[in-house]
C-alpha cells in the first residue's frame, strides 16, 4: 500500500505573492479587453506594439502562476525578473515623461510587493526544487 507524502505548506509570503500575481493577471486581462476596444478607433503601430507587450507579459505572468505549484527555482526567479522589469520599466517611463508624483507611483507597488515577497527566506526555502 502506498503512503501519503507530506509536503511543506505554502508560506504566507509565497501565497500572498501568488494572489497578487493572480489579481494582476485578472486586471491585465480587463485592461487588454479595453485596449482592444479602444484600438478599433485609435490604430497606430505604437498602439499595436503596446498591446502586444501587454498580452505577452500577461501570458507570461499567467504561465508563471500556473507553474507555481512545481516549486521550481526557475519559476520564482522568473517571477522576480518579470515583476522587476515591469516595475522598473514603469518607473523609467514615468521618469521620462516627468510624471513622478506619488499618485502615479502607486501602480509600482504591485510589482515591488511581489519582488519583496518572493525574496524572503521562506520563499527561498519553499521554491527549492
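What follows draws every value from the coordinates through simple rules; no lab data is involved. The structure presented is a predicted model; accordingly, all values stated were derived computationally and were not measured. No Cβ is skipped: glycine too gets one built from the backbone with ideal geometry, and neighbour counts run over all protein chains shown.
Numbers at a glance
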{"quantity": "The chain: angle of helix 12-39 to the longest principal axis, Cα-based, in degrees nearest 10", "calculated": "30 degrees"}
{"quantity": "Net length gained if the chain between residue 30 and residue 92 were fully extended (0.36 nm per residue, minus Cα distance)", "calculated": "19.9 nm"}
{"quantity": "Protection-proxy order for peptides 22-29, 52-59, each taking the mean of Cβ atoms within 10 Å per residue, highest first", "calculated": "22-29, 52-59"}
{"quantity": "Net lengthening on full extension, residue 37/residue 84 (0.36 nm per residue, minus Cα-Cα)", "calculated": "14.1 nm"}
{"quantity": "Förster-model FRET efficiency, 30 Å R0, residue 23 and residue 101, C-beta, rounded to 0.05", "calculated": "0.80"}
{"quantity": "Translational diffusion of the range 1-77, µm² s⁻¹ [Kirkwood Rh, Cα pairs; Stokes-Einstein; 25 °C; 0.890 mPa s]", "calculated": "166 µm²/s"}
{"quantity": "Sequence of 83, 8 once ranked by neighbouring C-beta atoms within 10 Å, starting from the fewest", "calculated": "8, 83"}
{"quantity": "Rg and Dmax of the chain, Cα atoms only, in Å", "calculated": "17.4, 66"}
